[in-house]
1. Across the range 288-306, what is the total count of residues that are among the hydrophobic types (A, V, I, L, M, F, W, C), closer than 22 Å to MET127 by Cα and surrounded by 22 or more Cβ atoms within 10 Å (Cβ to Cβ)?
2. Could you please let me know if LYS78 is free of Cβ contacts under 8 Å to residues at least 40 places away in the same chain and open to solvent by 70 Å² or more (accessible area, probe 1.4 Å)?
3. For TRP285, are the conditions met, namely being in a strand (DSSP E or B) and either surrounded by 15 or more Cβ atoms within 10 Å (Cβ to Cβ) or modelled with pLDDT under 95 (or both)?
4. Six or more apart or on different chains, Cβ under 8 Å: which pairs go from a residue in the range 380-407 that's farther than 15 Å from PRO419 by Cβ and without any contact (Cβ under 8 Å) to a residue 60 or more places away in the chain to one that's among the basic types (Lys, Arg) and part of a strand (DSSP E or B)? Could you list them?
5. In the range 428-448, which residues are open to solvent by 20 Å² or more (accessible area, probe 1.4 Å) and among the β-branched types (Val, Ile, Thr)?
6. Please indicate, with yes or no, whether at least one residue in the range 202-209 is in contact with a helix residue (DSSP H, G or I) (Cβ under 7 Å, 6 or more places away or on another chain) and modelled with pLDDT of 95 or more.
7. Return a yes/no flag: does the range 144-155 have any residue that is of a type outside the set (Val, Ile, Thr), open to solvent by 10 Å² or more (accessible area, probe 1.4 Å) and more than 21 Å from HIS184 (Cα to Cα).
Amino acid sequence: MNKTITYILAVACGCLWMQSPAHAQAAVPQKDTIALQHGAHRIGVRTDADMARWRSLRFGQFIHWGVYAIPGGEWKGKTYNGAAEWIRSWKEMPHEEYDNLYRQFNPVNFNAQQWASQAKEMGAKYMVITTKHHDGFCLWPSKYSKYTIAASPWKKDLLGPMITAYNKAGIDVYLYFSIIDWSHPDYRASLKTAADSAAGKRFQVFVKNQLAELLQRYPTVKGFWFDGTWDDSWKKDGAFTDELEQYLQAIHPGLVMGSRLRADEKGARHFDSNGHLMGDYEQGWERKLPEKIEDVHGNDWEAVMTVPENQWGYNAKWDGHIKTANELLELLVKSVSLNGNFVLNFGPRADGTFRTEEQQLMTQIGQWMKVNGEAVYNGTYAGFEKQDWGYYIRKAGTDSVYMVVFNIPVSGSLRIKLPARTSLVSASLQQQNLTPELIGRNEYFIHLSSKQSDTPVVILLKTTNGENKEKGNFEKAKT
């Protein structure tokens, strides 16, 4: 479709959405300077129901699971210092030995219902599961590969029962899929010869077949989460990545896919050479978050986070700083306050169980979410001036704004600055009314009776459009 026409349609469909406080900071679309056939086909956010659902969920669970859980970051008494799922790339790990670990993969303690129940109790509304990582081992019995769960002692499909259990628990499922495949004879990181190019074409057919197979086997999945698309062999064929995206959307209309899949014909990833997002949301936020709303340029986005510094698959050792439940809740709340989703990673053991620390975190986060999840789900950017005590989250499409307090001042007084033409109607803490003190024009203190809390405090503000009637005797300083 012509990009100018696409933009007009996007504006026509999404103008009301873009005028909401959640997207008040959306950048004015720039004029294209580079002619692209395989750049972004949409400017602005998706406004359909499938994307709106993804946006409303806000909190997800990521699971990295595969044969790399067997070594768990160690091999023959030596420790691999990288992420555990990359251990095959380590010089101390012989490829032949790693490639035979599938003969030991037998998750006898795997319980799909238990996994789904834990995720639900934690408050997750969607999950992402590694169908296969860079090693190429498939958690489903793919007819296009022999390196699958069917060849392991377990023999049975793992994805099917998992998807069924999570869906039954009311949790949407997204499929992680690595384009890198160390097990496939036609995989090439770069194409240096004619033989490489021929192998690359065969590999593209393989990738396309596996992705179609996943959609056909598991029709309830909501989208894909792609990885490993940084290789030159992938970046240099923007036409194929474009065609692949459209092919998958044709099989499964409404599919949600982030910015990692596509490259344009110039080799640009995530954003095309004109600076427009390719994909439905930005995936550049891995183990980091934006600092302010301007950093996301009006795009939907998602942060993925590990508990230690950089461990995704199971690692026997968790070195360095281990994030607490309150730290993770703050990352979740900050993400939502900036119009983003937050996905927390877990790495089960090879037997199908979660380590004790992960289970404790799921329980602790879930206890807070059970009481305060209303402040997170369907939350958006509030348009209020940020204060040091924490974050504001607006319930989408309403005048309800949540204050999520992580740092109570020694005074116990929380400062609120209302946007222009906004009035404060009421404030409440755990359904108990509070009495805000007017301290300036459109500025208040909320005084807390307790200056200490073991978990984040949530205060609900009810606001309305219009100037504040409590004018007070406030004058500008005459300097």
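1. Quick first cut of the range 288-306, residues among the hydrophobic types (A, V, I, L, M, F, W, C) only: 289, 293, 296, 301, 303-305.
Filter once more, so that each one left must be closer than 22 Å to MET127 by Cα: 289, 301, 303-305.
Retained after the next criterion (residues that are surrounded by 22 or more Cβ atoms within 10 Å (Cβ to Cβ)): 301, 303.
Residues that pass the stated criteria total 2.
2. Working: free of Cβ contacts under 8 Å to residues at least 40 places away in the same chain: yes; open to solvent by 70 Å² or more (accessible area, probe 1.4 Å): yes.
Answer is yes for this residue.
3. Details: in a strand (DSSP E or B): yes; either surrounded by 15 or more Cβ atoms within 10 Å (Cβ to Cβ) or modelled with pLDDT under 95 (or both): yes.
So TRP285 fits the description; yes.
4. Short answer, once both residue conditions are applied: TRP389/ARG415; TYR402/ARG394; TYR402/LYS395.
5. If the condition is that a residue be open to solvent by 20 Å² or more (accessible area, probe 1.4 Å) and among the β-branched types (Val, Ile, Thr), then THR435, ILE439 are the ones that fit.
6. Yes, the range 202-209 contains a residue that is in contact with a helix residue (DSSP H, G or I) (Cβ under 7 Å, 6 or more places away or on another chain) and modelled with pLDDT of 95 or more.
7. yes
One line per residue, one yes/no per condition, for (1) modelled with pLDDT of 95 or more; (2) assigned to a loop (DSSP other than H, G, I, E, B); (3) surrounded by fewer than 16 Cβ atoms within 10 Å (Cβ to Cβ):
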position	(1), (2), (3)
LEU414	yes, no, no
SER426	yes, no, yes
SER450	no, yes, yes
ASN468	no, yes, no
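The values are calculated or read from the model by the stated rules, or taken from the named source; none is laboratory data. Predicted model, so just to flag it, every value in this text is computed and none were measured. Please note: Cβ atoms are built from the backbone with ideal geometry, for glycine as well, and neighbour counts cover all protein chains shown. Side chains are part of the model used for accessible areas, which takes the heavy atoms of the whole protein and leaves out ligands, DNA and RNA. Shrake-Rupley method; radii C 1.70, N 1.55, O 1.52, S 1.80 Å.
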